[in-house]
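For reference, the structure is listed below as structure tokens.
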Amino acid sequence: MKIHEYQAKALFRQFGVPVAKSYVVEDPDELGPVGNDLTPGVWVVKAQVHAGGRGKGSVQVDGKVVGKGVQVAPNPKVALDIADSILGGTLHTIQTGDRGKPVSRVLIEQGVDIESEFYLALIVDREHAGISIMASTEGGMEIEEVARTQPEKIHTFTVNPLIGYRSHIGRDLGVEMGLRPDLLVPFSAIVKKLYALFMEKDCSLIEVNPLVVTKQGQWLALDAKVTFDDNALYRNPDLIQLQDLSQEEPSEVEAAEARLSYVSLDGNIGCLVNGAGLAMATMDIIKELGGDPANFLDIGGTATTDNVARSFEIMLKDKVDGIFVNVFGGIVRCDVVARGLVEALGQVKLEIPLVVRLEGNQRDAGLKLLEDSGLPIITAKDMRDGARLIVEACKKPGKGN
Ligand code: GDP
Ligand code: MN
């Protein structure tokens, strides 16, 4: 589960990680009272959305660009005007997709004189079976870019969660980055506090980009991105109120409500499968045959006619050029899946190719249901055949793959 920067900063404050003074505004009516509190000087106005790249992205209102997602204002008046102009708009960044993200809140944060920008992140690192802490002097840039062009500038330490955090870790990272001696101790303290936050709230990611040192020699987390492990949310139920579904892909929200797992991708072929392993195999084979999955929706191991129908409706709402249903009936019965498909197609007209591969439990009964329905469904004899058929059917003219 993702949260907003202002929410992440509230957690930072709670754990003693330094952040600048700021105000959250949801409604233009609040700008007056907040304005009375803003002290003279520079203020930074930041659109609150679940996506990075806001500094380079632009906010649109009624299709017109009104400004960037992060703007530095020379005085409170300009800050309030900027906040007013972007509230209610839509922010488009390289991370938001075509639809953009609604700007329902802005953070007005006291401006600081930046001396240097750093990068600091903690992640669940499956490869090294621990919590990896990554630090770099190349803050403010996209870390993927740093990893590609100057990998030696990213310093990593993996904490073994069974041993826990040791105070030398932050210091070692600071030394590797070449920090001035007077900055080492406070840096090390920040790393330690973020680790405590990470563990206590069951995070999967904490990213501070940039973590800055001001001209006055103060460390400050200027940006804050925190993601929680969904599977651990039951241990921190108070965190659920931080959820903002208006920031998520509508189809993913709808799927989650129906207890289906749905992942949206960049291609054009929708994949409806049962089981995560089969989802991976389906995507691999589509890719191998030159296609590109748009998503996968896993109906799980106990699909009913109803949730198959629901899955199919969600899938059709996503922009796909074709759908591949790939089901291996074990506990799930193929005839139940087939009945769900027929039911869903009774409600909506199918205007794109649909390839269905059924195997296992009640396969023949399922195929008969599809055939008797008279619907224009292409049936496949196995998984590879199905993938080939859907890739063929979804080939873009002139794309020549
Ligand atoms: P992102 O683009 O979504 O990652 O948003 P950030 O919160 O990282 O802000 C983008 C950039 O704005 C930062 O990298 C800083 O360079 C700049 N910025 C943010 N806050 C301040 C500030 O208080 N003073 C100054 N001068 N720049 C700031
Ligand atoms: Mn940032």
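The values are calculated or read from the model by the stated rules, or taken from the named source; none is laboratory data. Source: prediction; values computed, not measured. Cβ placement follows ideal geometry from the backbone for every residue including glycine, while neighbour counts extend to all protein chains displayed. Please note that ligands, DNA and RNA were not included when accessible areas were found on the heavy atoms of the full protein model with its side chains. Shrake-Rupley method; radii C 1.70, N 1.55, O 1.52, S 1.80 Å.
Build a GNM of the chain with springs between Cα atoms under 10 Å apart, and of Y119, Y234, Y165 the one that fluctuates most is Y234. Straight-line cross-link reach from K46 at under 23 Å between alpha-carbon atoms covers these lysines, not counting any fewer than eight positions away in the same chain: K2, K9, K21, K56, K64, K68, K77, K101, K215, K225.
DSSP assigns beta bridges within the chain; of those with both partners inside it, close to 75 percent run antiparallel.
Can you give the accessible area of D27, probe radius 1.4 Å, in Å² rounded to 10? Probe radius 1.4 Å; accessible area of D27 about 60 Å².
In order along segment 303-319, the Karplus-derived 3J(HN,Hα) couplings, from 6.51 cos²θ - 1.76 cosθ + 1.60 at θ = phi - 60°, round to 5, 10, 3, 4, 6, 5, 4, 4, 4, 5, 5, 4, 4, 5, 6, 6, 6 Hz, and Gly and Pro are given as x. Taking the Cα centroid of segment 230-252 and of segment 1-66, what is the distance between the two, rounded to the nearest whole Å? Using only Cα atoms to place each centre, the spacing works out to 20 Å.
Can you send over the carbon and sulfur percentage of the accessible area for segment 250-393, probe radius 1.4 Å, protein chains only?
Values: 3290 of 6540 Å².
Looking at segment 250-393 in its full context, I get 50 percent from C and S.
With θ taken as phi - 60° and the Karplus curve 6.51 cos²θ - 1.76 cosθ + 1.60 applied, the whole-hertz 3J(HN,Hα) list for segment 115-128 is 8, 8, 10, 10, 10, 9, 8, 10, 9, 6, 10, 5, 4, 9 Hz, x standing for glycine and proline. Relative to the longest principal axis of the Cα atoms of the chain, helix 168-177 runs at roughly 80 degrees.
Please work out how much length the chain gains when fully extended from I331 to A276, using 0.36 nm per residue of separation minus the C-alpha to C-alpha distance, in nm with one decimal. If you can, show how the numbers build up before the last one.
Numbers: separation 55, 0.36 × 55 = 19.80 nm, distance 1.47 nm.
Difference between extended and current length: 18.3 nm.
Calculated accessible area for segment 21-110 comes out at 48 Å² per residue, all protein chains present (probe 1.4 Å; ligands, DNA, RNA ignored). Per-residue accessible area for E351 at 1.4 Å probe radius, Å² rounded to 10? Only protein atoms counted, so the area is about 150 Å².
A probe of 1.4 angstrom, applied to the heavy atoms of all protein chains, finds V124 with accessible area near 60 square angstrom.
Largest GNM mean-square fluctuation among D98, D335, D81, using the chain with Cα springs under 10 Å: D98. Using R0 = 25 Å, the C-beta based FRET efficiency linking E145 and E115 works out to 0.70. In degrees from 0 to 90, rounded to the nearest 10, what is the angle of the helix 334-347 Cα long axis to the longest principal axis of the chain? Approximately 80 degrees, to the nearest ten. Among all the lysines, which ones have a C-alpha under 21 Å from K395's C-alpha, if same-chain residues fewer than 8 places away are not counted? In chain and number order, the partners are K287, K317, K319, K381. With a simple spin-label model that places each label point 7 Å from the Cα along the Cα-to-Cβ direction, the separation between E392 and Q347 comes to 3.1 nm. In order along segment 202-217, the phi-based Karplus estimate (6.51 cos²θ - 1.76 cosθ + 1.60, θ = phi - 60°) of 3J(HN,Hα) comes to 6, 6, 10, 7, 10, 10, 10, 9, x, 9, 10, 10, 7, 4, 8, x Hz; Gly and Pro are listed as x. Principal-axis analysis of the Cα atoms of the chain puts helix 383-393 at an angle of about 80° to the longest axis.
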